[in-house]
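Visitor: The structure follows.
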Amino acid sequence: MRISTSFLFDLDGTLVDSVYQHVLAWKEALDEEGIELSVWRIHRKIGMSGGLFTNQLLRETGGDMSNERVERLRRSHARAYKRLHAQVRPLPGAQALLAALTESGTPWAIATSGRMETAAVNLEALGVDPSKTVVVTRDDVKYAKPDPDLFVAAAHRLKVQIEHAVVVGDSIWDMLAARRCRALGVGLLSGGYGQEELERAGALRVYEDPADLLEHLDEIAARP
């Protein structure tokens, strides 16, 4: 099937099974700083920008969050996540989906709120070479999700119009970012958010995982 739409993918929970590894890594980093936060509350924040994550921490814990402490948390999380790298796997159908889009000549890119130091683990597991693929990380933009900067930057690098792109993500933060740049949001359940949550955040369609999306690609992809 020849497709004229372009695709912008989130990474964690969308193409790779890594959300809960991030949760555990953040839990370890927070524990080291003596910050009490339940695991389920951490999960609800995966996918948002580091700045928003910090603001949420301040609201929920009332603790001091200096720039130095934020940087320590970031470094501790990265170290803990890298130790879990062997657990990170592509989600079902992820590699086949990207291969099908490539074969059909459909432009696609990856846009992740993570920095390259952690995204590199996921890209390696997925078999994606960032030197040959458009990959936009938190290092490349001023604001991350739910701001749309990551997806806008990815579309710009693909030389496609963001309004004609499909944003695929697993979290409400992806869907909110898609709405803000007027892209079509498609949600996946593989990151732990529910269908109703994703739809309320702006997802036009919701699928189980990349394999399910690949099977129903004709429902969302414009054909010339």
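Visitor: Can you compute the modelled spin-label distance between Asn55 and Lys132, with each label point 7 Å from Cα toward Cβ, in nm?
Guide: Between Asn55 and Lys132, the simple spin-label model gives 4.0 nm.
Visitor: From the Cα gyration tensor of region 19-86, with a ≥ b ≥ c the square roots of its eigenvalues, which class applies: rounded if a/c is under 1.5, or else prolate if a/b is larger than b/c, or else oblate?
Guide: Values: a/c = 1.66, a/b = 1.35, b/c = 1.24.
Prolate is the answer for region 19-86, as a/c is 1.5 or above and a/b outweighs b/c.
Visitor: In addition: Given Cα pairs under 8 Å that are at least 6 residues apart, what percent is the relative contact order of region 19-86?
Guide: Details: 49 pairs, mean separation 33.6, N = 68.
Dividing the mean separation by the residue count of region 19-86 yields 49 percent.
Visitor: Now for a different question. Looking at region 4-145, what % of its DSSP beta bridges pair antiparallel, to the nearest 5?
Guide: Working: 2 of 8 bridges.
Approximately 25 percent, going by the DSSP bridge assignments.
Visitor: Rounded to the nearest 20 Debye, what is the dipole magnitude of the chain about its Cα centre when Lys and Arg each give +1 and Asp and Glu each give -1 at the C-beta? Please report the intermediate quantities before stating the final value.
Guide: Numbers: 27 positive and 32 negative charges, 113 e Å.
Using only the charged Cβ atoms, the result is roughly 540 debye.
Visitor: Please give me, ordered by residue number, the trypsin sites (Lys or Arg not before Pro) of region 98-202 that lie in loop per DSSP and have at most 14 other Cβ atoms within 10 Å.
Guide: Working: sites: Arg115, Lys132, Arg138, Lys142, Arg157, Lys159, Arg179, Arg180, Arg182, Arg200; in loops: Arg115, Lys132, Lys142, Lys159, Arg182.
Answer by residue number: Lys132, Lys142, Lys159, Arg182.
Visitor: Next question, about the same structure. If you add up the charges near Thr118, with Lys and Arg at +1 and Asp and Glu at -1, over every other residue whose beta carbon is less than 12 angstrom from its beta carbon, what do you get? Walk me through the numbers on the way to the answer.
Guide: On the way: positive: Arg74, Arg75, Arg79, Lys82, Arg83, Arg115, Arg138; negative: Asp12, Glu117, Glu124, Asp139.
Result for the local shell: +3.
Visitor: Once R0 is set to 41 Å, what does the formula 1/(1 + (r/R0)^6) return for the Cβ-Cβ distance between Ser38 and Gln95, expressed as a FRET efficiency to the nearest 0.05?
Guide: Details: r = 34 Å, r/R0 = 0.82.
So, using R0 = 41 Å, E works out to roughly 0.75.
Visitor: Over region 13-162, calculate the relative contact order: mean separation of alpha carbon pairs under 8 Å at least 6 apart, over the residue count, as a percent.
Guide: Details: 177 pairs, mean separation 39.9, N = 150.
Result for region 13-162 is 27 percent.
Visitor: Which far-off residues, 5 or more places away or on another chain, put their amide H under 5 Å from the one on Asp17, with H placed in the peptide plane?
Guide: Here Arg89, Leu91 satisfy the definition.
Visitor: Taking only DSSP H segments of four or more residues, each worth -39500 (n - 2.57), what value at 222 nm results for the chain once the sum is divided by all its residues, to the nearest 500 deg cm²/dmol?
Guide: Taken over the chain, the calculation gives -13000 deg cm²/dmol.
Visitor: Could you give the size of the charge dipole of region 19-86 about its Cα centre, using +1 on the Cβ of each K and R and -1 on the Cβ of each D and E, expressed in debye and rounded to the nearest 20?
Guide: Numbers: 12 positive and 9 negative charges, 66 e Å.
Using only the charged Cβ atoms, the result is roughly 320 debye.
Read-outs throughout are calculated quantities, based only on the coordinates presented, and are distinct from any laboratory measurement. Note that this is a predicted model, so its numbers are computed, not measured. Reconstructed Cβ throughout: ideal geometry from the backbone, glycine too, with neighbour counts over all protein chains shown.
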